[in-house]
1. Being of a type outside the set (A, V, I, L, M, F, W, C), assigned to a helix (DSSP H, G or I) and open to solvent by 10 Å² or more (accessible area, probe 1.4 Å) is the filter here, so list the residues in segment 326-354 that pass it.
2. Could you please tell me which pairs satisfy a Cβ distance under 8 Å, a separation of 6+ or placement on different chains, a first residue in segment 446-466 that is farther than 11 Å from F407 by Cα, and a second residue that is polar (S, T, N, Q) and in a loop (DSSP other than H, G, I, E, B)?
3. Could you list, in sequence order, the residues of segment 286-325 that are surrounded by fewer than 17 Cβ atoms within 10 Å (Cβ to Cβ) and in a strand (DSSP E or B)?
4. When you scan segment 185-195, do you find a residue that is surrounded by fewer than 18 Cβ atoms within 10 Å (Cβ to Cβ), modelled with pLDDT under 95 and over 25 Å from T10 (Cα atoms), even just one?
5. Open to solvent by 40 Å² or more (accessible area, probe 1.4 Å), assigned by TED's automatic domain parsing to the domain that holds I573, within 30 Å of A561 (Cα to Cα) and in contact with a helix residue (DSSP H, G or I) (Cβ under 8 Å, 6 or more places away or on another chain): does that describe A670?
6. For E31, all conditions in the list (1) under 30 Å from R177 (Cα atoms); (2) exposed (fewer than 14 other Cβ atoms within 10 Å of the Cβ) hold save one; what is the number of the exception?
7. With D471, D459 as the choices, which residue is part of a helix (DSSP H, G or I), of a type outside the set (A, V, I, L, M, F, W, C) and open to solvent by 80 Å² or more (accessible area, probe 1.4 Å)?
8. Name the residues in segment 557-604 that are over 29 Å from V634 (Cβ atoms) and part of a loop (DSSP other than H, G, I, E, B), would you?
Amino acid sequence: MKTTLGWLKTHIDLAASLDDMVSALAMRGLEVDAIDDRAAALKPFIVARVVSAEKHPNADKLKLCRVDIGGKEVQVVCGAPNAHAPMLAVFAPVGSVIPRTGAVLKASAIRGVESQGMLCSGYELGLSEDHEGIIELSAGLTVGAGFASATGRDDPVLDIKITANRADCLGVRGLARDLAASGLGALKPLAIDPVPGKFPSPIAVHLAGPDDKACPLFLGRLVRGVRNGPSPQWLQDRLTTIGLRPISALVDITNFLTFDLCRPLHVFDAGKLDGDLALRGARPHEKLKALDGKEYALDGEMTVIADNSGAISLGGVIGGESTGCSDSTTDVFIEAALFDPVRTAATGRRLGIQSDARYRFERGLDPEFVRPGIELATKLVLELCSGEPGEIVTAGAVPQWRHTIAFRPARTWTLGGLDLDPREQRRILESLGCKISGSGDTLSVDPPSWRADILGEADLVEEVLRIHGYDKIPAVPLRRDSDLPKPAIDAARRRTDFVRRTLASRDLIEAISFSFLPPAQAELFGGAPEALRLVNPIAAGLDQMRPSILPNLLAAAQRNADRFEPNAALFEIGPQYRDDTPEGQDEMATGIRVGRSGVKRWDDPGRPVDALMAKEDALAALAAAGVAADNVQVNADPPAWYHPGRAGTLQLGPKTLGAFGEIHPGVLAALGVDGPAVGFEIFLGALPAPRARGRARPLLRPSPFQPVERDFAFIVPVDLAAETLLRAARGVDKKLVTEVRLFDVYQGKGVEDGKKSLAITVRLQPNDATLTDAQIDGFSKKLIETVEKATGGKLRS
């Protein structure tokens, strides 16, 4: 939002310096991003009078001018056709830097005649695009005075950052209102005198959709007999200083009111309208050629203003070229409306149009200022263009916006830490336009129509703090529960980092993928409820929150395979989703292996990935998380996206810790992934709580005694899980047994039908003394009895 100090002073009797005002704005949440001192570039230029302008003796198109620069006359060669005596012009002395080009002006001979300076055009000074002639200043200026100060161009330009909730400050008066409330001056009254209509309007306005929210209020007024042309200098100067190009008086009036009072309007050339105006939704295949010269394809979600010929304006965004005003306009129809912020923003984004009107409408404007806005526009049109006003035509009504907030002044202390006199709080709120009733501990506050961002008591507290000054809130140190800082990483985070490092050490590469995927892929992995479908996805095909991380990792592996990297080993630690509640978000450690393991070498070609690799990865992750792998049970009941018979789940008692195995061939085919592929999923949130950091791990005390290994083979039922046998063997003597490992599974000759042979190696590690033969035999006998009882099998002879 740009304005000048002089423009601000048209709304407030400012009683502060520029620096104080800038500081006050910053403390009120309105940061001044830049201050442009225009006078600095124009400082060398002065007001001069052309004493004479004679024909150049050696050139037909040049003039030889004698110029009075204030007590001294100099000779200037000028090529401007409008140079004449006794006009006032802008003189650039030798040594001046021309703002438009940055060139340093030097004394020179032009066609044999010396020129001691330059008479400047608006183009050369960077004030306009007119380079056909030099600037002709109005009479009454002092010859020899500085050009910038004499013409009011020494007014600094302020560029102010406005937060999205403060649409009221997108007008100069809104800024002045905040400054006045801060005690920096008195806000000047805004005179809004209704302009009586002198004839019924032949053009009516109608609201025809697309729904009740699109535009609750639509006003229009015909002014006939206007004379459109260049706007007066004061208006052109206001617009050019903030970066707008003056176009014509009618258009400049609407731009001026947009920035002065935050009231966007539009003017139609009434002679180009075909019948009444209707505000409606755009029709299929309807197009609009806009004022920016581009043609836009519209859809039914967009609000347009239309006459009998079709759409002539995009409501709240941009006008149409076909009904734009020009110098030949004699009858003008002024439109003022209240467009829906959401629909206006969506239309602008969809079509890629950024306009000053859209910027304001999408933030929400004052619903009570629509009619005053059209009255002020009418007044300016009559002043600058003459004409005869018609009666205002109206469709719709001002929407309900009034609401009362119960405000307790004591909340300024409890919420904001500021102990402020309730009378001062009341003064601040009233100066912002709030109406207050009641007394005592609770007041009833009605926010003004231009402050749609004030919704509750906390907002009122914020306004009091903001206007009083955030810098006046006393600094109070936070209470500390301890002199020691809290650890930055808790036990759960530390455990997750251990898992991450462990998987990385197993040659898996960490990946980070989107938390969403196509719905078809979600269905392959259990599906997801409708509540997990995104309303505004980043892409049309990525609108489902992921029920598993596996599909994203498999897709990444295939992208690598498509680029001649067929072997992939990836893992990701992140969330997957069961529903839209916090409890339905599971923190996972998920990994995949695709293709072959290892690097292909002459002596080791590697082997295709299999379920046992995924199991090893999963158990390694559990061990890193502090779960004893020996206590984990493996069940052959994996989720449906795993290959039956080549996958399983990992459980600790009744709790499922994860799953592993070969990915189902049908799932791989649906994803377009070249197999083989295996994967694992660990539910980090389901693991036992990590050990508190205060408990130190026991010291490692290696045994000095020789370990002993013994092999045993048992004939067991064919459907017995090997894990049952291994667990029974481990439980014989937990202090002595350090490892039980399955090394052979056999079915065939020598083993009866319905049976199988499982061979294990048991490692014994004594800590007190070397084991004797009797001790080893006694242990072996006890192990055989325990395993036979637990499995229903027998020792193989």
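The values are calculated or read from the model by the stated rules, or taken from the named source; none is laboratory data. All values derive from a computational prediction rather than experimental measurement. Cβ atoms come from the backbone with ideal geometry, glycine included; neighbour counts cover every protein chain shown. Heavy atoms of the whole protein, side chains included, go into the accessibility calculation; ligands, DNA and RNA do not. Shrake-Rupley method; radii C 1.70, N 1.55, O 1.52, S 1.80 Å.
1. Within segment 326-354, P341, R343, R349, R350 meet the criteria.
2. D453/N165
3. The answer is K287, K289, E295, A297, G310.
4. Checked segment 185-195: no residue is surrounded by fewer than 18 Cβ atoms within 10 Å (Cβ to Cβ), modelled with pLDDT under 95 and over 25 Å from T10 (Cα atoms).
5. Numbers: open to solvent by 40 Å² or more (accessible area, probe 1.4 Å): yes; assigned by TED's automatic domain parsing to the domain that holds I573: yes; within 30 Å of A561 (Cα to Cα): yes; in contact with a helix residue (DSSP H, G or I) (Cβ under 8 Å, 6 or more places away or on another chain): yes.
Judged against the criteria, A670 is a match.
6. Single failed check for E31: (2).
7. Numbers: D459 fails: open to solvent by 80 Å² or more (accessible area, probe 1.4 Å).
On inspection, the qualifying residue turns out to be D471.
8. Result: D562, R563, F564, E565, P566, D580, T581, V599, K600, R601, W602, D603.
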